[in-house]
1. Taking the condition of being at pLDDT 80 or above, basic (Lys, Arg) and open to solvent by 70 Å² or more (accessible area, probe 1.4 Å), how many residues in region 188-233 meet it?
2. Yes or no: Leu290 in contact with a His (Cβ under 6 Å, 6 or more places away or on another chain) and either crowded, with 16+ Cβ neighbours inside 10 Å or without any contact (Cβ under 8 Å) to a residue 40 or more places away in the chain (or both)?
3. Take Ala342 and tell me if it is open to solvent by less than 10 Å² (accessible area, probe 1.4 Å) and in a helix (DSSP H, G or I).
4. Name the single residue that is nearest to the chain's Cα centre (by Cα) among those in region 85-100 being of a type in the set (A, V, I, L, M, F, W, C) and at pLDDT 95 or above.
5. Can you find even one residue in region 166-186 that is under 16 Å from Arg211 (Cβ atoms) and of a type in the set (D, E, K, R)?
6. Hey, can you tell me all the residues within region 114-142 that are touching a Lys or Arg at 6+ places or on another chain (Cβ under 8 Å), under 17 Å from Cys97 (Cβ atoms) and surrounded by fewer than 24 Cβ atoms within 10 Å (Cβ to Cβ)?
7. Considering only region 1-71, give the strands (runs of 3 or more DSSP E) lying wholly within it that have at least 2 residues that are open to solvent by less than 20 Å² (accessible area, probe 1.4 Å).
8. Tell me which of these Pro252 doesn't satisfy, since it passes every other one: (1) open to solvent by 30 Å² or more (accessible area, probe 1.4 Å); (2) in a helix (DSSP H, G or I).
Amino acid sequence: MVFSVAVAGASGYAGGELLRLLAGHPEFEVRTVTAHSNAGQRLIDVQPSLRSLAHLTLVDTTPQNLSGHDVVFVALPHGKSGEITAHLPAETLVVDCGADHRLENSDDWAAFYGGDYFGAWTYGVPELPIGAGKQRDRLVGARRIAAPGCNASTVALALAPGIHAGVIEAQDLVAVLAVGPSGAGKSLKLPNLAAEILGSANPYAVGGTHRHIPEIVQSLRWAAAAGPADPTSAACASSPDATISFTPVIVPMSRGILATATARLVPGTSAAAVRAAWEDAYADEPFVHLLPDGHFPRTADVLGANTALIGLAVDEAAGRVVTITAIDNLVKGTAGAAIQSANIALGLTETLGLTMNGVAP
């Protein structure tokens, strides 16, 4: 069966990456692409790399233009998705790549985003350990999915296995991320101009202000809970929140995230028990791979792939576990996670249309 697909926000980086991946998906047919200021232009003029979709023309982003499709992917700025998705048919699978439906706590939304709160949807990180299972279990049959924030899913995947297994403490977590500017979107912003970032590493959202922090804490709270794989369960609600110092740094690479995340080792825990926690969590995962002891990833290893690579070490002197995680922020961090989650929701093979192979050199 071929599913008809619409992509809202098709002129942006996330929308373009969705289309690149969807163009090679055997069960998805892109029929409608929408934009705001670029409406009326040929897609190929705005996304010249998408040669196989040259027949498409961008139309206005309206519920009317998006309705009538089996699947709708929405890649709009925060605060804009909810205005559109509220008017789409209940039977349509809608995957939001923006932030509007990620947070289950309206107070978190108000504190970090502001504006109207549109409610939480099923979270699109299938590999995330939750209770007795994985977030994958919650995605089966879903019709409303919130794709993750790229930084948030990277840190959550890096630390959740240790919290889930009880080998690291959920308080005093520290994460420093080297990130490419494509994660900030395609709109012109002075700090992201080439003249500002070439030859420089620029920290931003320092001191606990980054909008992905409550999303990270939410995922790690789910990982800490015992019991059914249900983020709405009483067990999840009663789990203490993690505390994290989170600092992103823009570096001069167009795409990619390299996250260094550390956590306090639970006293008496062996290095073997630490490695076993991550091995148990990801042993059978097609897209999240724990590297052998002593090996650590580079962003170059995941370029263009729907893969998260994790290196793991125990700093005995500091009493901390160190994880190094690499992803392509536009693939595993956004568009790839969205398509992977849609595959699960529709009962398709989870890996369909996605690759674990990066582009090198």
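1. Count: 1.
2. Spelling it out, it is not the case that Leu290 is in contact with a His (Cβ under 6 Å, 6 or more places away or on another chain) and either crowded, with 16+ Cβ neighbours inside 10 Å or without any contact (Cβ under 8 Å) to a residue 40 or more places away in the chain (or both).
3. For Ala342, the condition - open to solvent by less than 10 Å² (accessible area, probe 1.4 Å) and in a helix (DSSP H, G or I) - is met.
4. Within region 85-100, the match that is nearest to the chain's Cα centre (by Cα) is Cys97.
5. No, the conditions are met nowhere in region 166-186.
6. Ala120, Trp121, Thr122, Pro126
7. Counting at least 2 such residues, we get 3-8, 28-35.
8. Checking Pro252 against (1) open to solvent by 30 Å² or more (accessible area, probe 1.4 Å); (2) in a helix (DSSP H, G or I), the one that fails is (2).
The values are calculated or read from the model by the stated rules, or taken from the named source; none is laboratory data. This is a predicted model, so every value here is computed, not measured. Methodologically, a virtual Cβ is constructed for each residue, glycine included, from the backbone with ideal geometry; neighbour enumeration extends over all protein chains shown. Only protein heavy atoms, including side chains, enter the accessible area calculation; ligands, DNA and RNA are left aside. Shrake-Rupley method; radii C 1.70, N 1.55, O 1.52, S 1.80 Å.
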